[in-house]
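First up is the structure itself, then whatever we jot down about it.
The values are calculated or read from the model by the stated rules, or taken from the named source; none is laboratory data. Remember, it's a predicted structure, so these values are computed and weren't measured experimentally. Don't worry about glycine lacking a Cβ; one is built from the backbone with ideal geometry, like all the others, and counts go over all protein chains shown. We work out accessible area using only protein heavy atoms, side chains counted, and drop any ligands, DNA or RNA first. Shrake-Rupley method; radii C 1.70, N 1.55, O 1.52, S 1.80 Å.
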Amino acid sequence: AHRVEATENGHFHTFMRQPGMPDGLSSVPCDGTESWPEGSDSLSHLIGISMDAYGFPLGLFATNRWVTAESWYKAEDVIAMLDYFKIDHAYPSWPVNLWISAMLILFRPQIEALLKQRDQVVADWKRRYPDIDVYEDRGLELTGYTTINVEQQIRCVVTAIEKRTVA
């Protein structure tokens, strides 16, 4: 647990590996001392889902590269990957896999905002500390966090659909 929320019991990290990514995407160049996964081993962290002890989601978060040992893709590329994310296999838990996939759809606006914030935080960090490899700096772990509420988000979606239907 990253313990952004005092009540976090654990979290899920979501990833996309290169074979599942849209064509034409490539990671930013690795110019530091740590090697990044390349080619078909390349992967991107999409978002983390923070959970409480009862299995309810508390929030969403984005991380720096070193936390997840990923290749680094620009926010706009990670956002494009969201359309391709779906865990539909049975292992280790089919219901949990489907739930995680649905969370990335339900909270798409918040995820997009966190990914854009992630890139801005990294760019600002790089300007402040130009002599340090920003992607490996242990001083920068989380680049953004937002609390979430499933029931409230569903009400917002229903309201938006109703407004669209009336218009």
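Size of the dipole of the chain about the Cα centre, Lys and Arg at +1 and Asp and Glu at -1 on the beta carbon, nothing else charged, in debye to 20? Display every interim value, and only then the final one.
Numbers: 15 positive and 23 negative charges, 117 e Å.
My answer is approximately 560 debye.
Show me the ranking of peptides 92-100, 11-19, 65-73 by mean Cβ neighbours inside 10 Å, starting with the highest. It would help to have the intermediate numbers written out before the result.
On the way: 92-100: 12.6, 11-19: 15.8, 65-73: 20.4.
Those peptides, ordered most packed to least, come out 65-73, 11-19, 92-100.
Provide the per-residue ³J(HN,Hα) series for region 35-47, in order, calculated from phi with Karplus coefficients 6.51, -1.76, 1.60 and θ = phi - 60°, each as a whole number of Hz, with x at glycine and proline positions.
Values per residue, Gly and Pro as x: 7, 10, x, 10, x, 5, 8, 4, 9, 10, 7, 8, 6 Hz.
Search the structure for amide H atoms under 5 Å from the amide H of ILE47, placed 1.01 Å from N in the peptide plane, and list their residues when 5 or more places away or on another chain.
THR14
For region 1-68, what class follows from the C-alpha gyration tensor (a ≥ b ≥ c being the square roots of its eigenvalues): rounded when a/c is under 1.5, otherwise prolate if a/b is larger than b/c, else oblate?
Values: a/c = 3.43, a/b = 1.98, b/c = 1.73.
Note, shape of region 1-68 comes out prolate.
Kyte-Doolittle cut-off -0.5, length cut-off 15 Å along the helix's own axis using Cα: show which whole DSSP H helices in the chain pass.
Values: long enough: 94-106 (18 Å, 1.58); 108-128 (30 Å, -1.20); 150-166 (24 Å, 0.11).
Membrane-span-like by this criterion, though nothing is claimed about a membrane: 94-106, 150-166.
Of (i) 17.1; (ii) 16.7; (iii) 15.8, which is the value of Kirkwood radius over Cα pairs in Å derived from the coordinates here?
(i)
What's the carbon and sulfur percent of the chain's accessible surface, probe 1.4 angstrom, rounded to a whole number? Walk me through the intermediate numbers first.
Values: 5200 of 9720 Å².
The nonpolar share, carbon plus sulfur, comes to 54 percent.
Would you mind working out the accessible area per residue for region 74-144, using a 1.4 Å probe, and quoting it in Å²?
On the way: 4130 Å² over 71 residues.
Per-residue value: 58 Å².
Using a Förster radius of 30 Å, what is the FRET efficiency between ALA6 and ARG127 based on their Cβ-Cβ separation? Nearest 0.05, please. Write out the running numbers ahead of the final one.
Details: r = 31 Å, r/R0 = 1.05.
Computed FRET efficiency for ALA6 and ARG127 comes out at 0.45.
In what sequence, highest mean first, do 117-128, 79-90 appear when ranked by Cβ atoms within 10 angstrom? Kindly include the intermediate steps, with their values, before the conclusion.
Details: 117-128: 15.5, 79-90: 13.3.
Result, highest mean Cβ count within 10 Å first: 117-128, 79-90.
How far is it, in nm, from the label point at TRP94 to the one at VAL157 when both lie 7 Å from their Cα along the line to the Cβ?
Taking the simple label geometry, TRP94 and VAL157 are separated by 2.1 nm.
Roughly what would the spin-label model give for ALA69 and TYR84, points 7 Å off Cα along C-beta, in nm?
2.3
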